[in-house]
Amino acid sequence: MTFFCSDPRKASMASPAFNEDVFSKEGNTLVRAEETPQPAAKDGDKSPPRRPVYFAVHLIICLAWLGPAIALLVLNFQNRVVGASIGCVSCRVNPFSSTIYQEQANFNKKDHTALSGLQFAAKALEIWFALVAAGFIYDVLVIISVHRGQLPIGMFAKYLQFGELVSIFQFPSGCKNLLHWGFIFFVVCMGLLMNVIGPAIAILMIPTLQWIDVDFMSTAVFDKLASSGPPSNVAISPGCTASLLGVGNFSCTAEPCAHTLDEVFSSVAASLGQVNVTPIVFDPVIVQIEHVSVIVNTTDPAVDWILSRQYSTLEKSLNTLLSREGPVLGLGGGCYRGSLAVAELADDRSIRCYGGWNLFSQGNSEYVKCIRVGSGWAGTNFQSNLYLSNANSTGNDVAIIAHFADHAHTPLTTDDPHCFDGDGNPQSDPECNWDAIFAQSPPSDLWNTSTNFILVEYHIPGLSTPNNTVWCDDISYLNFEGYSLDPSPYSNFIHLTLLSDFAPVLPGTVPLVVHPDWILAAWSADRNGTVDSTRASSSLMSARLENALTNTNASRDLDLLNFLDGIVMDQALSLIDYSTSTSPPTPAKTRTSTDHPQLKASAQIQVWVFGLHSETSKLGAAVVSICCVVAGLRAVAALKRATLGHYAAPKTLMELLLDALQHDPLVAAQEVHPRRVSVGVKDQWEICPLLIRKEWFN
């Protein structure tokens, strides 16, 4: 059966039986007119009583939704911190408690319960907004019907169905003008909001566990690194004085540097005893610096990074995680075995060329690396010497000669024959213009390793020959990165300080100028002094160097020697101090300067926090903001409906249908009166569409 309107103009076509079937409304039920007599309409009959109290309560309930919605937006925009637990806001974690792990387990249980409760609360707010949105659509429907006349009857149920996505595409018949389609578009927008408001509220209502910075401060402005000169700061070691450092007596750094170096070398020796079948050392380089431990960052296969020992007082705070941005020093290079050719040009000038430079190449290609030595050259060149006592070796004491060179040259076939012979060996011919040779720019793939580097020669008399020399090159870099410390004695009982990961060093990066005396300080040796054979570092380095000089296939020995040489150089770099400025740079300098950055320190804590930390949370905030606007517009629409005299509560679908059946859509609004409605079979009667009339809402 289908409801339709009886048309007086087609009354003659109607079946008498059907015309006699009339219905009236009793409560929410349709009954035949014969069973329930129709009372005659009387003049002066009043419309149903208005209920302004219900209207006010309903409006207040809708406006009250703005309270929690705005509170959620404020909490997230302000990044409000909840604390260590959302299930126990007043609870605190004592990092020095022996029951810290039990406390954290209890917090996890409470957090799980709290998160479940917040999900229920988010669902409640979603249902609450559904009431607001339904009331908004109903108010707009009433206002349109009062001001613009009739609408298709299929629209009056939209305020009950708008939350269903399928109903959005069910357009009522009779939509003929822009007003009709505008209302449908309005319902579509409200339907979309209704379907996304739930997840949006849940995202904003449930905090996330985040690491956040607290007590942020700028400690100083980096000025310069003291790497280009010999060690001169007495803070390098408690046993050092300005006079001792001034004459090159770097053995004053024995406490604690000598013990630190020997400790690391002993650890390497223990690791070698367990993994002797492989060429890889599985021993991480961890050194102790006062109250903290530091591990060398080896995430970059070409460069290792270590922080400066001038690290500030990280160990004196008891926060969850202490962080600092400061200077860190990187080290690259390798160790090789090859020839050594020397051309003595004058007492204060010589050329030294080293063969076997393969740069860890995949093939068998090798280069020759030539440097200038002596004070007579115009460039920056330094040299430092020390010896390792070699009591347990077949050879004599190990001689270590450390050179710093600002530029290297790789002999080419196009070079002046007065300078090099056919094998790349330097010549003492006065016709050679060595300044022009070293003024040439090295190939791009050799640039980083040919500029500002330390070259260390290792000699054992009786084993080292001009055709059998072991040497290492060490290239250093300066960077500014963050490092952090967890001060808890339970989760970090060795107080290990971790460096962040670094981006690869780009070709063309200018390496540091590092004076070779810093290597003497790392060994705790005076200039031209001797490191005692009883020290683990001395004995292990001597033994591995002897193997590298005597073994036919020395690739594994050279890899290990490179590792040991890197340990010494890492310790040397960590000893280098730097100066700072207390006055902050100008704003323009702060934005552009990379050589003099601000050194920043902060404490990080892991807490539950509100905030817009992701794209989804930002989208959720946008959705909730739009819904707040909708709630405000709903209040305006409700007040507008009230001014039109419509105070009654929104009617159900059945109530609207029963009211519609008592009004004739073909009669003018001012002449509307209750009437009988005929029913018939669709294939026998032409249906005239019911139209929404403003009288139905009274």
request  = Could you check, for the range 56-78, whether at least one of its residues is out of contact with any helix residue (DSSP H, G or I) (no Cβ under 6 Å at 6 or more places or on another chain), open to solvent by 50 Å² or more (accessible area, probe 1.4 Å), modelled with pLDDT of 60 or more and over 22 Å from ALA631 (Cα atoms)?
outcome  = yes
task = Determine which single condition PHE493 fails, assuming it passes every other condition in (1) modelled with pLDDT of 85 or more; (2) open to solvent by 10 Å² or more (accessible area, probe 1.4 Å).
result = (1)
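Any idea which residue in the range 431-448 is farthest from the chain's Cα centre (by Cα), counting only those that are open to solvent by 30 Å² or more (accessible area, probe 1.4 Å) and touching a residue at least 40 places away in the same chain (Cβ under 8 Å)?
Looking at residues that are open to solvent by 30 Å² or more (accessible area, probe 1.4 Å) and touching a residue at least 40 places away in the same chain (Cβ under 8 Å), I get ASP435.
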remark   = Residue set ALA525, ALA543, ALA503; condition crowded, with 20+ Cβ neighbours inside 10 Å and not β-branched (Val, Ile, Thr); output residue ALA525
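For the range 401-418, how many residues meet the condition of being within 25 Å of PRO511 (Cβ to Cβ) and without any contact (Cβ under 8 Å) to a residue 60 or more places away in the chain?
Residues flagged as within 25 Å of PRO511 (Cβ to Cβ) and without any contact (Cβ under 8 Å) to a residue 60 or more places away in the chain within the range 401-418 amount to 9.
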task = Sort out which residues of the range 68-82 are β-branched (Val, Ile, Thr) and either part of a helix (DSSP H, G or I) or without any contact (Cβ under 8 Å) to a residue 60 or more places away in the chain (or both), and write them in order of number.
result = ILE70, VAL74
task = Please work out if GLY379 is of a type outside the set (S, T, N, Q), within 24 Å of LEU560 (Cα to Cα) and surrounded by fewer than 16 Cβ atoms within 10 Å (Cβ to Cβ).
result = no
note = Conditions (1) in contact with a helix residue (DSSP H, G or I) (Cβ under 9 Å, 6 or more places away or on another chain); (2) open to solvent by 80 Å² or more (accessible area, probe 1.4 Å); (3) at pLDDT below 85; (4) not polar (S, T, N, Q) -> TRP181 fails only (1)
key: Matching residues, the range 404-421, being in a strand (DSSP E or B) and over 13 Å from SER441 (Cβ atoms)   = PHE404, ALA405, ASP406, PHE420
task = Mind telling me which of the residues VAL294, VAL328, VAL303 ends up being in contact with a Phe, Trp or Tyr (Cβ under 7 Å, 6 or more places away or on another chain), more than 29 Å from LEU412 (Cβ to Cβ), of a type in the set (Val, Ile, Thr) and at pLDDT 70 or above?
result = VAL328
request  = Output the strands (runs of 3 or more DSSP E) that fall wholly within the range 447-500 and possess 3 or more residues being among the hydroxyl-bearing types (Ser, Thr, Tyr) and within 27 Å of MET541 (Cβ to Cβ), or say none.
outcome  = 469-485
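The values are calculated or read from the model by the stated rules, or taken from the named source; none is laboratory data. It should be emphasised that the depicted structure is a prediction, and the values quoted were computed from it without experimental measurement. We place every Cβ from the backbone using ideal geometry, glycine too, and count neighbours over all the protein chains shown. Side chains are part of the model used for accessible areas, which takes the heavy atoms of the whole protein and leaves out ligands, DNA and RNA. Shrake-Rupley method; radii C 1.70, N 1.55, O 1.52, S 1.80 Å.
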